[in-house]
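The values are calculated or read from the model by the stated rules, or taken from the named source; none is laboratory data. These figures come from a predicted structure and were not determined experimentally. Heads up, the Cβs are rebuilt from the backbone with ideal geometry, glycines too, and the neighbour counts pull from every protein chain shown.
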Amino acid sequence: MAVLTTIPTVAAPASPPDTSGPACSLQRSGSLWQLGIEAQELTTAIGQLAEQLETDDPEQRALALAELEAALLAEEGNKAALSAKADATCWVIEHLRGQAAYRQQQAKRLTELSRSDASRADALEDSLVLVLTRLRPTATRFSFPNHELSSRKSQAVEIDDEDALDSQWLSFSTTSKPDKAAIKDALKAGQLIPGAQLLSRRSWRIC
């Protein structure tokens, strides 16, 4: 009977799996998901083979023992491959989170630079308009070799004192949202609140 051995994670073995016994019903796969499935099936196979050792038939007991030894070796290889794959996956997770944090910092820095550039552009435009309108106070358009500066009139309401306005000039809106902190305390205290429930979650952190 063939014994399962660890293979490289980049590809599955070229030869077909040996299906002569429960311990060798799987091929070693490089994916974390398949390694997890294989671990579960190996555990089940080992339990079944252990039960077969209780038979009174010496030949069946010897065969079960041989298959059990093969399954245990396969389980050992599976654990090593699963551990290596999980460790590599943790590295990828940390790398992606580090990259996300770096890009977030870069985005913040670029946002600040964008605001600074926009502020400088506005200040420079104000200075240009000030100079040009002093020379031609009634002008609404200025033409240059490659650019044109034009203006348009608009109206906007400026509120000096909102409290002095009559209610007819005010618009009202009402918003609400659940007070989760108060609801959580009440649920933890045993109070039943229709429409809300307390869920327990477990968070994981890579160290």
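Structure summary
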item	result
Qualifying residue in the stretch 180-190 (condition: at pLDDT 90 or above and acidic (Asp, Glu))	yes
Which numbered condition Leu187 fails, given (1) in a loop (DSSP other than H, G, I, E, B); (2) surrounded by 10 or more Cβ atoms within 10 Å (Cβ to Cβ)	(1)
Flag if Thr89 is in a helix (DSSP H, G or I) and hydroxyl-bearing (Ser, Thr, Tyr)	yes
Any pair with Cβ under 7 angstrom, 6 or more apart, that starts in the stretch 86-103 at a residue that is closer than 18 Å to Ala39 by Cβ and ends at one that is surrounded by 10 or more Cβ atoms within 10 Å (Cβ to Cβ)	Ala86/Leu32; Thr89/Leu32
Residue that is at pLDDT 80 or above, assigned to a loop (DSSP other than H, G, I, E, B) and either of a type outside the set (Gly, Ala, Ser) or under 30 Å from Cys207 (Cα atoms) (or both), where the choices are Glu54, Glu59	Glu54
Sole exception among (1) outside any helix (DSSP H, G or I); (2) at pLDDT 85 or above for Leu42, by number	(1)
Test: residue in the stretch 170-179 that is exposed (fewer than 10 other Cβ atoms within 10 Å of the Cβ) and under 26 Å from Leu130 (Cα atoms)	no
Unmet requirement for Gly195, which otherwise passes all of (1) on the phi < 0 side of the Ramachandran plot; (2) out of contact with any Asp or Glu (no Cβ under 9 Å at 6 or more places or on another chain); (3) of a type outside the set (D, E, K, R)	(1)
